[in-house]
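A short reminder: the numbers here are calculations on the coordinates, not readings from a lab. Since the model is a prediction, treat every value here as computed from it, not as a measurement. Ideal geometry is used to build each Cβ from the backbone, glycine not excepted, and the neighbour counts take in all protein chains shown.
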């Protein structure tokens, strides 16, 4: 479902608010990975920057969830059907991702390649954006998917071929993926702001 300025069902607005909260969480998770690699050599600059982003996402995410109450639950039977279909497809993709991460992690551990676990997880995260782009009809997912996959693959190559230190690789992957989740968060923030603003104008 593309995001536009027409009257939208409440579930779309809620999905933006929930998405902002998720981006705050994921941004901090990957920031933690970056901090592990930096080992405080940046004087927490990366942590402070992405923490500010995450706080913004949380605050506005809650604002959007509250504002969603004034939108209609559904605008028609087609929205009900489309909403259920999107939820089902999202659940399948999320389930595959959630299963792939521990399975790949265990396989790498058993094979003695546990140092590649985080780059592999980043690659799985990047790949999951591609079907999401199709489900939600959003071009930004393609860009974020490609960026995240390139970051993950670069990390794998750095560790496997060029023998870069694990700390440097984790720093690059952590910052790279945190940039992707932050970009997604700001996209949702702007989208939510425009939808709420347009709705307010219609009510005047």
Per-residue Cβ neighbour rank within 10 angstrom, fewest leading, 10, 161, 89: 161, 89, 10
Ranked list, fewest to most other Cβ atoms within 10 Å of each Cβ, for 117, 88, 181: 88, 117, 181
The chain: calculated mean residue ellipticity at 222 nm from DSSP helix runs of at least 4, using -39500 (n - 2.57): -29000 deg cm²/dmol
Extension gain from residue 69 to residue 48, taking 0.36 nm per residue of separation minus the Cα-Cα distance: 4.3 nm
Cα-based helix-to-principal-axis angle, 10-38 vs the chain, degrees rounded to 10: 20
Separation of the residue 194 and residue 29 label points, Cα + 7 Å toward Cβ, nm: 2.8
Nearest-ten-degree value, helix 45-67 long axis tilted from longest Cα axis of the chain: 20
Taking 104, 12, 59 and counting other C-beta atoms within 10 Å, the order from fewest to most: 59, 104, 12
Additional length obtainable on full extension of the chain from residue 137 to residue 22, 0.36 nm per residue less Cα span: 39.5 nm
Spin-label zone in region 11-37 - amide nitrogen under 16 Å from a point set 7 Å from the Cα of residue 165 along the C-beta vector: 34-37
Nearest 10 degrees, 0 to 90: helix 166-203 Cα axis against the chain principal axis: 10
